[in-house]
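Below is one structure, written out as structure tokens; the observations come after it.
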Amino acid sequence: MVQVIWIVAAVLATFTIGYVGYSRYLAQFLELDEGNETPAHKYEDGQEYIPAKKPVLLGHHFSSIAGGAPIVGPITAGAIWGWVPAMLWIAIGNPLMGSVHDFVSLSGSLRHEGKSIGYIIGEYVGEGGKDMLLWFAFLTIILVVAVFALVVAIVFNFYPEAASASFVYIVLALLFGVYLYQFDLPFIPGTVAFVAAVFAGVWVGIQYPVALFQPTADRAADIGALVLLGGQGSWVPGASTLGANTAAWIPVVMIYAGIASALPVWVLLQPRDYLSSFLLYAGVGGTLLAVIVGTLFGTASQPLVIADSISAFNGFWGVESAGLYPLFPLLFITIACGTISGFHSLVSSGTTAKQLNKETDARLIGYGGMLGEGLLASVALITLGVAGFNATGGGIGNALPNFATGGGIILTSFGLPQSFGAPFMALVLVSFLLTSTDTAVRLGRYMMEEIVGLEAGTTATGFEKVGQGFRSTLGSLGRGRYTNPIVQTVPAYLMVVSGQWVVLWGLFGGANQLLAALALLTATVWLANWDDNKQLYSTGVPMAIMVTITVLGLGYLALYSNLYQNIILGGASGAGLASAVVQMALALVLIGLALALVKKGYDNISTVRDAGGSTAAKPSDD
């Protein structure tokens with residue numbers, strides 16, 4: 001039997017080499033200078049552009065990019081194809097592709113007034129290219145909101161303790177924001193007090209678990225959760241496929257995300273993400289250390305080895321209980337954020353670049369932050385290995401709570417009871433999912449603001465031109481701080497209630513990875529225009545690999561999974577059929593936008609290089 005410590009060793013080895021060697025080279029290559037004025041200082045407005053203390057910004061960035069995807073993706077991929085393919089893609093792909101993507105996206109945004117990757121590519125290939133990329137990003141964000149809200153609901157159903165603990169955690173974040181930014185009280189004592197209160201919130205969750213309807217998980221009878229709504233809940237959309245409790249939590253999460261996205265960053269985003277980072281550090285660092293301690297001293301409640309139900313390799317098509325899916329290209333888009341994620345380019349160039357205090361901080365926050373996400377993905381794979389996967393227990397969504405179950409087992413290495421460790425790991429998962437969900441909605445608004453051309457540092461409420469004609473009303477609602485969340489969450493909700501977990505996750509992963517390819521394309525175009533002597537391999541090679549993988553993956557999901565299986569063969573009906581049509585159309589639109597952008601980018605690079613750099617822009621040009 002294979003000890004899970006070998007997964008830890010493999011990942012730590014490649015990540016250390018990447019940070020010590022490759023990231024240092026990239027920092028010199030990008031000519032980062034701490035003397036340059038960052039957008040956070042240049043456009044400081046108290047709303048979006050706010051210089052943040054380095055640990056606070058690292059906490060925000062780490063929490064926002066980590067989210068739940070690096071947990072969900074490796075668990076899903078490990079259960080379907082086996083732990084070895086998942087481990088290899090994380091250990092090798094992250095330092096060579098994902099960390100490069102995040103670092104260069106953040107650095108490029110710093111040199112372009114904190115603007116998004118859409119704005120950057122528009123500078124070099126024209127407004128049409130900018131709008132195409134921004135629309136691509138906006139559509140991808142809708143998928144992010146859909147799948148993250150679904151996963152939060154799944155975890156709340158299995159672990160009602162995490163629901164009540166999450167409420168405590170959000171209230172504490174709001175109070176911490178007031179503590180820091182309104183009363184300007186001491187930073188370190190406040191950190192100690194509020195972080196301790198967050199961990200105490202786990203105990204509150206264990207004592208007072210909350211559910212909307214009766215939870216459907218096997219452990220529900222032993223929890224004694226406070227059920228807020230009576231009846232069976234059969235009237236809730238999606239209850240027939242997801243269960244009433246899971247389906248009811250989805251709109252609650254989306255409403256929370258919409259409200260949180262409209263608040264100034266100091267009210268909730270910065271303090272919550274900073275507090276979240278301690279959950280992440282404790283969850284990731286504590287689990288990794290517990291694996292080492294439990295392996296060396298045998299203190300865990302059971303041997304820390306990979307369960308027999310998780311094979312090293314399940315074959316090219318995976319396991320039948322999860323649905324047969326080809327390893328290539330679906331493994332890569334399933335693991336998604338644990339290795340590389342386009343969503344990170346939106347965070348890096350959307351919120352992080354607007355808060356970075358010094359350019360040189362980008363190495364730790366950009367490259368190092370993504371390595372941290374890879375560690376989280378490795379922890380997720382380890383927890384699946386320890387907990388195992390009940391192949392007869394239904395859909396792949398049932399494997400997701402194994403992060404909490406397996407993590408609880410591993411943390412017994414420190415003498416913690418599993419009854420505390422498992423809900424704590426569930427809160428770790430949920431806190432980052434909530435963070436990513438409302439950050440995604442905020443970024444969606446940023447995308448729309450750039451599409452309509454709002455100036456940096458300004459926002460709209462969404463009601464300015466309501467009633468002045470259909471087009472003006474629609475445009476006003478689309479870009480508004482208070483109305484844009486509705487534009488995102490309504491289609492997200494329509495897709496998620498179908499209950500087609502694996503297909504929806506694959507579509508999200510494919511769109512997300514394809515966005516990463518376009519972010520790398522943007523970086524390559526920027527570098528080519530900056531200096532015709534700049535090497536383009538660090539960004540160009542990963543870009544070409546990801547374009548190939550993701551176009552094939554989205555094509556498979558659109559034409560085979562949705563068009564052939566769900567529509568032609570009648571595999572879906574009702575809400576499921578409507579969801580299949582939306583997913584198929586969305587996948588094809590994303591492929592078309594991506595290929596058109598790749599062509600524009602290639603033409604620009606060819607023109608610049610053929611001209612011998614005569615049209616190249618200086619690195620500080622906007």
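The values are calculated or read from the model by the stated rules, or taken from the named source; none is laboratory data. Bear in mind the structure is a predicted one, so any value in this text is a computation, not a measurement. Here the Cβ positions follow ideal geometry from the backbone for every residue, glycine too, while neighbour counts run over all protein chains shown. All accessible areas refer to the heavy atoms of the entire protein, side chains included, with ligands and DNA or RNA removed. Shrake-Rupley method; radii C 1.70, N 1.55, O 1.52, S 1.80 Å.
Being acidic (Asp, Glu), closer than 23 Å to Thr140 by Cα and in contact with a helix residue (DSSP H, G or I) (Cβ under 7 Å, 6 or more places away or on another chain), is that true of even one residue in segment 361-383?
Yes, segment 361-383 has at least one match.
Quick one: Leu269 ticks every box in (1) farther than 21 Å from Ile142 by Cβ; (2) open to solvent by less than 10 Å² (accessible area, probe 1.4 Å) except a single one, so which number is it?
All conditions pass for Leu269, except number (1).
Under the condition of being of a type in the set (Gly, Ala, Ser) and at pLDDT below 85, which residue from segment 420-435 is surrounded by the most Cβ atoms within 10 Å (Cβ to Cβ)?
Only one residue tops the list, namely Ser431.
Of all residues being of a type in the set (S, T, N, Q) and outside any loop (DSSP other than H, G, I, E, B) in segment 224-261, which is surrounded by the fewest Cβ atoms within 10 Å (Cβ to Cβ)? Just the residue, please.
In this case the residue turns out to be Ser240.
Does Phe194 satisfy the criteria of being open to solvent by 30 Å² or more (accessible area, probe 1.4 Å), part of a helix (DSSP H, G or I) and over 24 Å from Pro251 (Cα atoms)?
Here the answer is yes, as Phe194 does meet what is asked.
Ala290: touching a helix residue (DSSP H, G or I) at 6+ places or on another chain (Cβ under 9 Å) and loosely packed, with under 14 Cβ neighbours inside 10 Å, yes or no?
Answer is no for this residue.
Specify which of the listed residues (Pro271, Pro160, Pro264) is in contact (Cβ under 8 Å) with a residue 60 or more places away in the chain and over 30 Å from Gly350 (Cα atoms).
Of Pro271, Pro160, Pro264, the one residue that is in contact (Cβ under 8 Å) with a residue 60 or more places away in the chain and over 30 Å from Gly350 (Cα atoms) is Pro160.
With the checklist (1) open to solvent by less than 10 Å² (accessible area, probe 1.4 Å); (2) at pLDDT 80 or above in hand, flag the one item Thr412 doesn't pass.
Thr412 satisfies all of (1) open to solvent by less than 10 Å² (accessible area, probe 1.4 Å); (2) at pLDDT 80 or above except (1).
Can you name every residue in segment 1-20 that is open to solvent by less than 40 Å² (accessible area, probe 1.4 Å) and not hydrophobic (A, V, I, L, M, F, W, C)?
Across segment 1-20, the qualifying residue is only Gly18.
More than 30 Å from Ala247 (Cβ to Cβ), outside any helix (DSSP H, G or I) and among the hydrophobic types (A, V, I, L, M, F, W, C) - does that describe any residue in segment 580-591?
No, there is no match, as no residue in segment 580-591 is more than 30 Å from Ala247 (Cβ to Cβ), outside any helix (DSSP H, G or I) and among the hydrophobic types (A, V, I, L, M, F, W, C).
Of everything in segment 532-572, what is surrounded by fewer than 15 Cβ atoms within 10 Å (Cβ to Cβ) and not in a helix (DSSP H, G or I)? Give them in sequence order.
Asn533, Gln535, Leu569, Gly570
Do we find a residue being among the aromatic types (Phe, Trp, Tyr) and open to solvent by less than 10 Å² (accessible area, probe 1.4 Å) anywhere in segment 200-221?
yes
When you look at Glu44, is it in a loop (DSSP other than H, G, I, E, B) and free of Cβ contacts under 8 Å to residues at least 40 places away in the same chain, yes or no?
When the stated conditions are applied, Glu44 passes them.
Kindly indicate which of Leu180, Leu185, Leu139, Leu150 is open to solvent by less than 10 Å² (accessible area, probe 1.4 Å), among the aliphatic types (A, V, I, L, M) and farther than 30 Å from Ser23 by Cα.
That would be Leu150, the only listed residue that is open to solvent by less than 10 Å² (accessible area, probe 1.4 Å), among the aliphatic types (A, V, I, L, M) and farther than 30 Å from Ser23 by Cα.
For residues that are within 22 Å of Gln488 (Cα to Cα), open to solvent by less than 10 Å² (accessible area, probe 1.4 Å) and not in a helix (DSSP H, G or I), tally how many sit in segment 110-136.
The qualifying residues number 1.
Please specify each residue of segment 153-181 satisfying the condition of being within 14 Å of Pro215 (Cα to Cα) and of a type in the set (Val, Ile, Thr).
If the condition is that a residue be within 14 Å of Pro215 (Cα to Cα) and of a type in the set (Val, Ile, Thr), then Ile154, Val155 are the ones that fit.
Which residues, counting only those in segment 300-344, are within 19 Å of Ala9 (Cβ to Cβ) and open to solvent by 60 Å² or more (accessible area, probe 1.4 Å)?
Once the filter is applied, which keeps residues that are within 19 Å of Ala9 (Cβ to Cβ) and open to solvent by 60 Å² or more (accessible area, probe 1.4 Å), segment 300-344 yields only Pro303.
Restricting to segment 25-48, what's the tally of residues that are under 28 Å from the mean Cα position of the chain (by Cα), at pLDDT 85 or above and farther than 20 Å from Tyr537 by Cβ?
Number satisfying all stated conditions: 4.
Based on what the data block shows, is Phe508 among the aromatic types (Phe, Trp, Tyr) and either assigned to a helix (DSSP H, G or I) or modelled with pLDDT of 85 or more (or both)?
The answer is yes for Phe508.
Given the structure, is Ala519 closer than 15 Å to Ser341 by Cβ and either touching a residue at least 60 places away in the same chain (Cβ under 8 Å) or not acidic (Asp, Glu) (or both)?
yes
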